[in-house]
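Here the structure is laid out as structure tokens; the discussion comes afterwards.
The values are calculated or read from the model by the stated rules, or taken from the named source; none is laboratory data. Keep in mind that this is a model prediction, so the values were computed, not measured. Every residue, glycine as well, gets a Cβ built from its backbone with ideal geometry; the counts of neighbours run over all protein chains shown. Surface areas here come from the heavy atoms of the whole protein model, side chains and all, with no ligands, DNA or RNA. Shrake-Rupley method; radii C 1.70, N 1.55, O 1.52, S 1.80 Å.
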Amino acid sequence: MPAEKNVAKTEQDMSRIIAEEIVERSPSVAIRVTGPDRGYATLFVTENISSYGYSKDDFVSGKLKWIDLVHPDDHDVVVNALKKNDEDNLGQFSMVYRVRMADGTPLWISDTTVVERDEKGRVVHYDCIMRDYSETKSNIEKIEDNFRQKEVLNDILQGLHDADLDKALQAILDRAGSYLDISRVTLFEDSRNHTQCKAIYEWCNSGISPMTGRDDFILNYEKDLPGVIRQLMESGVVIVNHGDDPQGSQKRFEMEGVVAAVMFAVYIQDELFGFLCFDECVRKRRWDRDTIAFLENVARLVSTALLRKRNEQVISNMALTDQLTGLHNRYYLEQRLNQAVGNARQIGQTGYVLFIDMDDFKIINDGYGHDYGDVILKSFATFLVEEYEAESEIFRFGGDEFVILLHPENAGSVQKVINGLLARAQMPWNVLDKSFYCTLSIGVVAFPEENMDSKDIIKHADIAMYQAKRSGKNNYAFFNSTQDNDSVERAELEKEMRESIDNNFTGFSVFYQPQTDNTGVVIGAEALLRWTLSDGTQVQPMQFIPLAEYLGLIVPVGEFVLRESAQVCRRVNETHPEFWVSINVSIRQFQQQDFLERVLMIMDETGVNPANIIFEITEGMAMYDMARMKSLSEEFRQHGIRISMDDFGTGYSSLGNMRELPIDIVKIDRTFIRDITTDAYSKSFIRLIIDLVHSMGRKVCIEGVETAEQLKYCQECKADYVQGYHLHVPVPLDEFEKIIAQKSQDA
């Protein structure tokens, strides 16, 4: 054990020796001194204290103390700083102060001190590392010498944020001229052919005559500044000190009383704007390097201000223009409509605002992408300009919404404009390799309205547009006051729908209407979405489904229905493996590029057998884009998912088109079974369709069966499946589970 202690002691001694060597070789002086209560006595100091002209013995012997090193002018500052650090109980701090070398020369040092305290917090000693700070201090002083110059540049830079750039440009010249105490600072603008210039901004010192405002003051480059302008074009700067020859421009210099000058070419990006001239008419000035650098910075800031001024002109135009269509935008509409309202009130006549929404545009945009959507928007904008710009003002309000402003002098053509818009909407929009139908809903409001500004008028036009949309699209409606209440109701429904979806679909639920074979045995169910407001009010599907479509919320809602239904189907399949759930799909879902991927992801999450999920599409969806529907349906069938065509007989399809689609089930619309007792056509139609569909190898489901007579006819016609209130009404999940449980008992 003693041997181990000796080895450890030897290692400690070696470490101490190495540490002392490192400290002694350092250019810094290390010193340990006692606290103030012992008078800052020296306990240790490195040999390199000699760099200050002192010996180590002077301090170790007590002849000198550390505090004696501090320059008298800094003594009180240092002592007070030590007291403050002690009161704050700091363990480490830094100070910058002067020491007095042995020959009396002051030396700036940086002192980093670590404090050792006893258990009561009193200072035992300070360990100080003192470094030569004189070079750093010198650099700081040099920076401080240039501070005022930088302050001027900073003020100029801040001035560039001034909303009035004319004032900002003038301020640049004012600040630079005042700082230099020069005679005159002038900004010249070139002519278009760059052969002459004139002064546009200027600062003049007292007693100096200005050049701006003089109609006859135009500088001709070849006549007045031949050599100067050539050098300015070549190098971007001309420096003329007192006594220099201004390169053939002596006459002009003498005429203006200029004895020295600096000129900078001023560019806006790569385009020559003119030049900035600093004239000295009083002093025999010779330009030093720092001043030239300062003036060059001023010239750059002038270029920046001019560029911003030009850009603001462009931005001002852009701010009022829709970049896609080139039409004026909603901000300019607000300005123009306020003016139109004022004028209409003044002359006592009426104008009109037409608020146009492109029906189902979002379906195209979401399904096919912005390349298709943008072309349609631009095509429609072109149509509006070609047809109506001569008699109205046209604006793109945003998205697929446009506004036509008819001033009172053209108000008589309002119906003609409406008819023309609706007629155009009957024709397809040819986009790239496809054709689309995109009808219009138009809201019309007359102005001026009493105590109404432009925002109120646009709001009323939007309300009328929505009324037109609710009336069946490709329609128009004039605003009346009763519609305002409808708008409030719609806004409240919209707000609650968004909150419900954001809150994990609170208030939404899925009801299930059992589907049976023609003997009445339950073999599947159709999932039907229901919505209950927070106050308990039941909202009818025919009211909230179109709203969800309009707001673009039908996609998340549709995924909610799929997820809920798939989970139910999986549970039922545990006892009834062939049971299916039929789910209605929105056209917006079908148009999603990743619709299949999202469906498969949900099925994977829920564990449902894809073969037990049937997607119901409408005739209109199928005919909207036959190629897309055919391709997507085939992909679904490859994964075992079946497709049913809903509401057959009410849309635009034909049996020929239906043959092209990979459809498994055709659902005949309820209107035909409803009229079998009074309408021979309906009766014949059902029988004919069933026979033809069977001949194609597809199944038939008749929905809307509400009487025993209707059910009997379905059985006579050999319909495969039936659905309707006569058999089962839509029920919530708990009641549906009872039906399934009863089915299990019957089995």
Exercise for review: Go through the stretch 213-229 residue by residue and tally those that are surrounded by 15 or more Cβ atoms within 10 Å (Cβ to Cβ) and either part of a strand (DSSP E or B) or under 48 Å from the mean Cα position of the chain (by Cα) (or both).
Suggested key: 2
Check your understanding: Which ones in the stretch 110-132 are crowded, with 18+ Cβ neighbours inside 10 Å and either free of Cβ contacts under 8 Å to residues at least 60 places away in the same chain or not aliphatic (A, V, I, L, M) (or both)?
Key -> ASP111, THR113, VAL115, HIS125, TYR126, CYS128
Check your understanding: If you check every pair at least six apart or on different chains, which have Cβ atoms under 7 Å apart with a residue in the stretch 591-620 that is aromatic (Phe, Trp, Tyr) first and a residue that is open to solvent by less than 10 Å² (accessible area, probe 1.4 Å) and modelled with pLDDT of 95 or more second?
Key -> PHE615/ILE583
Revision key, fill the gap. Going through the stretch 286-329 in order, the residues found to be modelled with pLDDT of 80 or more and hydroxyl-bearing (Ser, Thr, Tyr) are THR291, SER303, THR304, THR321, THR325
Exercise for review: Report, by residue number, each residue of the stretch 418-448 that is within 36 Å of the chain's Cα centre (by Cα), in a helix (DSSP H, G or I) and either crowded, with 18+ Cβ neighbours inside 10 Å or of a type outside the set (D, E, K, R) (or both).
Suggested key: ILE418, LEU421, LEU422, ALA425
Point to revise | Extreme residue, nearest to GLU559 (Cα to Cα), among residues of the stretch 497-515 that are open to solvent by 20 Å² or more (accessible area, probe 1.4 Å) and touching a residue at least 60 places away in the same chain (Cβ under 8 Å) | key: SER509
Review point. Taking the stretch 399-414 only, how many residues are open to solvent by less than 30 Å² (accessible area, probe 1.4 Å) and under 23 Å from the mean Cα position of the chain (by Cα)?
Key: 2
Practice item. Please tell me if GLU256 is charged (D, E, K, R), open to solvent by 10 Å² or more (accessible area, probe 1.4 Å) and either more than 25 Å from ASP166 (Cα to Cα) or out of contact with any Phe, Trp or Tyr (no Cβ under 8 Å at 6 or more places or on another chain) (or both). Key: yes
**Study point:** Subset of the stretch 322-334 [surrounded by 19 or more Cβ atoms within 10 Å (Cβ to Cβ) and hydrophobic (A, V, I, L, M, F, W, C)]
**Key:** LEU327, LEU333
Practice item. Would you mind telling me which numbered condition in (1) open to solvent by 20 Å² or more (accessible area, probe 1.4 Å); (2) farther than 24 Å from ASP288 by Cβ ASN205 fails? Key: (2)
Practice item. Just name the residue that is most open to solvent (accessible area, probe 1.4 Å) out of those in the stretch 590-609 that are over 13 Å from ILE641 (Cβ atoms) and among the polar types (S, T, N, Q). Key: GLN593
Exercise for review: All but one of (1) within 21 Å of GLY177 (Cα to Cα); (2) modelled with pLDDT under 90 hold for PHE264, so report the exception by its number.
Suggested key: (2)
Check your understanding: Is it fair to say ILE200 is out of contact with any Pro (no Cβ under 8 Å at 6 or more places or on another chain), open to solvent by less than 20 Å² (accessible area, probe 1.4 Å) and closer than 17 Å to ALA305 by Cβ?
Key -> no
Check your understanding: For the stretch 335-359, what are the residues that are among the charged types (D, E, K, R), surrounded by fewer than 22 Cβ atoms within 10 Å (Cβ to Cβ) and farther than 16 Å from GLU409 by Cβ?
Key -> ASP359
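Anything in the stretch 396-426 that is charged (D, E, K, R) and closer than 14 Å to ASP359 by Cα? List them, or say none. Break it down into steps so the answer makes sense when it comes.
The first filter runs over the stretch 396-426 and keeps only residues charged (D, E, K, R), leaving 396, 400-401, 409, 416, 424.
The answer is ASP400, GLU401, ARG424.
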Revision key, fill the gap. From the option list TYR331, TYR372, single residue qualifying as touching a strand residue (DSSP E or B) at 6+ places or on another chain (Cβ under 7 Å), of a type in the set (Phe, Trp, Tyr) and in a helix (DSSP H, G or I) is TYR372
**Study point:** Matching strands (runs of 3 or more DSSP E) fully within the stretch 479-588 where at least 1 residues are more than 19 Å from ILE665 (Cα to Cα)
**Key:** 508-517, 522-532
Practice item. State all residues of the stretch 49-73 that are open to solvent by less than 20 Å² (accessible area, probe 1.4 Å) and closer than 19 Å to TRP108 by Cα; if no residue qualifies, say none. Key: ILE49, TYR52, TRP66, LEU69, VAL70
**Study point:** Where a residue in the stretch 422-446 is on the phi < 0 side of the Ramachandran plot and touching a residue at least 12 places away in the same chain (Cβ under 8 Å) and its partner, wherever it lies, is part of a strand (DSSP E or B) and among the polar types (S, T, N, Q), with Cβ under 9 Å and at least six apart
**Key:** LEU422/ASN475; TRP429/SER435; PHE436/ASN430; THR439/ASN475; LEU440/ASN475; SER441/ASN475; ILE442/ASN475
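Identify, please: which residue in the stretch 82-96 is open to solvent by less than 30 Å² (accessible area, probe 1.4 Å) and closer than 16 Å to HIS125 by Cα and is, among those, nearest to the chain's Cα centre (by Cα)?
PHE93
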Revision key, fill the gap. Residue pairs qualifying under the 9 Å Cβ cut-off, at least six apart or on distinct chains, with the first in the stretch 673-684 being free of Cβ contacts under 8 Å to residues at least 24 places away in the same chain and the second being part of a loop (DSSP other than H, G, I, E, B), are TYR681/ASP675; SER682/ASP675; SER682/ILE676
Review point. Counting only residues that are part of a strand (DSSP E or B), surrounded by 14 or more Cβ atoms within 10 Å (Cβ to Cβ) and not hydrophobic (A, V, I, L, M, F, W, C), how many does the stretch 265-317 have?
Key: 4
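Pull up the stretch 179-190, narrow it to residues that are of a type in the set (Ser, Thr, Tyr) and either touching a Pro at 6+ places or on another chain (Cβ under 6 Å) or modelled with pLDDT of 85 or more (or both), then point me to the one that is farthest from VAL258 (Cα to Cα).
Ranking the qualifying residues of the stretch 179-190, first place goes to THR186.
Against the definition (under 20 Å from SER28 (Cβ atoms) and among the charged types (D, E, K, R)), how does ASP103 come out, yes or no?
The answer is no for ASP103.
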